[in-house]
1. Of everything in region 98-140 that's under 17 Å from Asn37 (Cα atoms) and of a type in the set (Ser, Thr, Tyr), which residue is modelled with the highest pLDDT?
2. Residue check: is Met49 surrounded by fewer than 15 Cβ atoms within 10 Å (Cβ to Cβ) and under 18 Å from Ala132 (Cα atoms)?
3. May I ask you to list the residues in region 7-48 that are within 21 Å of His104 (Cα to Cα), assigned to a helix (DSSP H, G or I) and not hydroxyl-bearing (Ser, Thr, Tyr)?
4. Output the number of the condition that Gly109 fails; it satisfies all remaining conditions of (1) closer than 21 Å to Ala125 by Cβ; (2) of a type outside the set (Phe, Trp, Tyr); (3) without any contact (Cβ under 8 Å) to a residue 24 or more places away in the chain.
5. So which residues in region 49-84 are of a type in the set (Gly, Ala, Ser) and either within 19 Å of Gly109 (Cβ to Cβ) or assigned to a helix (DSSP H, G or I) (or both), if there are any at all?
6. Any residue that is touching a residue at least 24 places away in the same chain (Cβ under 8 Å), among the hydroxyl-bearing types (Ser, Thr, Tyr) and surrounded by fewer than 19 Cβ atoms within 10 Å (Cβ to Cβ) - is there at least one of those in region 87-105?
7. Is there any pair linking a residue in region 17-42 that is in contact (Cβ under 8 Å) with a residue 24 or more places away in the chain to one that is crowded, with 21+ Cβ neighbours inside 10 Å and assigned to a loop (DSSP other than H, G, I, E, B), with Cβ under 7 Å and at least six apart or on different chains, and which?
8. Right, Leu33: of a type outside the set (Asp, Glu), within 12 Å of the chain's Cα centre (by Cα) and closer than 18 Å to Tyr12 by Cβ or not?
Amino acid sequence: MKLLMAVDGSTYTKKALAFLVTHEGLCGPSDELLVLNVQAPIPGRVKRMVGAATVNDYHADEADKVLKPIERFLAKHKIKYKAVWVIGSAANEVLNATRREKAHMIVMGTHGHGLLGRAVMGSVAQRVLTDAEVPVLLVK
């Protein structure tokens, strides 16, 4: 099975990782794991002010802060993975990567916002859950 795991470095990501490694049936030796970090885009005017190279370095540094600890954790647990980062809208990029990579399931942590929280601020997890064409495992 091919899993796509959306990560943001939060406590909820850590809980999802812990769930994944403690449930061998989800991510066994023959399974594939794609770890995806989505970086929010920097406004164009800022990019013009500081330069594209500076913005790219910023995104790479921020992605490393999220992905490096996850990579160490997965290596420690002997789980094969591929880690990537992209820039864009989190929900859109998770859905796009799922289609592009032909993932069979999406795994992600959720902040557990209630109905009011989703109505007021929206939710990446809610959007992914609603629009995904594959099963979504949300870990709270």
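1. Looking at the filtered set, the residue picked out is Thr98.
2. Numbers: surrounded by fewer than 15 Cβ atoms within 10 Å (Cβ to Cβ): yes; under 18 Å from Ala132 (Cα atoms): no.
No.
3. Lys15, Ala16, Leu17, Ala18, Phe19, Leu20, Val21
4. Gly109 satisfies all of (1) closer than 21 Å to Ala125 by Cβ; (2) of a type outside the set (Phe, Trp, Tyr); (3) without any contact (Cβ under 8 Å) to a residue 24 or more places away in the chain except (3).
5. Ala52, Ala53, Ala60, Ala63, Ala75, Ala83
6. Yes.
7. Filtered contacts from region 17-42: Leu20/Cys27; Leu33/Cys27; Leu34/Ala103.
8. Numbers: of a type outside the set (Asp, Glu): yes; within 12 Å of the chain's Cα centre (by Cα): yes; closer than 18 Å to Tyr12 by Cβ: yes.
Spelling it out, Leu33 is indeed of a type outside the set (Asp, Glu), within 12 Å of the chain's Cα centre (by Cα) and closer than 18 Å to Tyr12 by Cβ.
The values are calculated or read from the model by the stated rules, or taken from the named source; none is laboratory data. Small disclaimer: the values here were computed from a predicted structure and weren't measured. Cβ: placed from backbone, ideal geometry, glycine included. Neighbour counts: every protein chain shown.
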